[in-house]
Amino acid sequence: MKRVSITVNGAEHDLELEPRELLVYVLRERLGLTGTNVGCDTSSCGACTVLLDGQSVKSCTVLGVQADGTDITTIEGLATNGSLHAVQEAFREQHGLQCGYCTPGFVMATVGLLSETPNPSEEQIRHALEGNLCRCTGYHNIVRAVQQAAGAGV
């Protein structure tokens, strides 16, 4: 066991973790943040995407002990005072979701993209999101949602 300290959505957590424990399971099972979904456990789908020190990462590829001392934002940490984050609102308005399972990962990847590239082209959006899979849509509305959020100055 190894003691780690992580900040998740602004709250500090001191935890004892097994060195092999994946961050996605730390978030879901230890902290109860179930918005971060487990889709594949192989980094293929992106359903587990979170922000780690502001960078979009697939939490199934990060060991919990590697997150020691980091600041993590999950889908639960985006809304403020009951108001959706602009990216969440854009996904809602543009119907960038269907079943919703992949949506948290897409939203978090979009927040990461827009922090690095505030006004991405359609090609940049598609390239940035190619590691996130949706089995329900043709991605058109997801791209439109990202474009709307970029236009809102996220």
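Across the stretch 65-93, the qualifying residues are those that are surrounded by fewer than 20 Cβ atoms within 10 Å (Cβ to Cβ), of a type in the set (S, T, N, Q) and in a loop (DSSP other than H, G, I, E, B), and the one among them that is modelled with the highest pLDDT is T70.
C134 passes every criterion in (1) closer than 16 Å to N37 by Cβ; (2) at pLDDT 95 or above apart from (2). Mind checking which residues of the stretch 112-154 are small (G, A, S), within 15 Å of the chain's Cα centre (by Cα) and part of a loop (DSSP other than H, G, I, E, B)? Hit for the stretch 112-154 is G131, nothing else. Looking at this structure, is G96 of a type in the set (G, A, S), surrounded by 17 or more Cβ atoms within 10 Å (Cβ to Cβ) and in a loop (DSSP other than H, G, I, E, B)? For G96, the condition - of a type in the set (G, A, S), surrounded by 17 or more Cβ atoms within 10 Å (Cβ to Cβ) and in a loop (DSSP other than H, G, I, E, B) - is met. Give the stretch 1-33 a look and list any residue that's among the polar types (S, T, N, Q) and surrounded by fewer than 15 Cβ atoms within 10 Å (Cβ to Cβ), or say none. Within the stretch 1-33, just S5 meets the criteria. Summed over the stretch 18-34, the residues that are hydrophobic (A, V, I, L, M, F, W, C) and in a loop (DSSP other than H, G, I, E, B) give a count of 2. Checking each residue in the stretch 115-144 for being of a type in the set (A, V, I, L, M) and buried (at least 22 other Cβ atoms within 10 Å of the Cβ) picks out I125, L129, I142.
Yes or no, residue by residue, for (1) assigned to a helix (DSSP H, G or I); (2) out of contact with any Lys or Arg (no Cβ under 8 Å at 6 or more places or on another chain); (3) under 19 Å from Y101 (Cβ atoms):
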residue: I6; (1), (2), (3): no, yes, no
residue: E12; (1), (2), (3): no, yes, no
residue: E16; (1), (2), (3): no, no, no
residue: T36; (1), (2), (3): no, no, yes
residue: S44; (1), (2), (3): no, yes, yes
residue: A47; (1), (2), (3): no, yes, yes
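The values are calculated or read from the model by the stated rules, or taken from the named source; none is laboratory data. Owing to the predicted nature of the structure, the values given are computational and were not obtained by experimental measurement. Please note: Cβ atoms are built from the backbone with ideal geometry, for glycine as well, and neighbour counts cover all protein chains shown.
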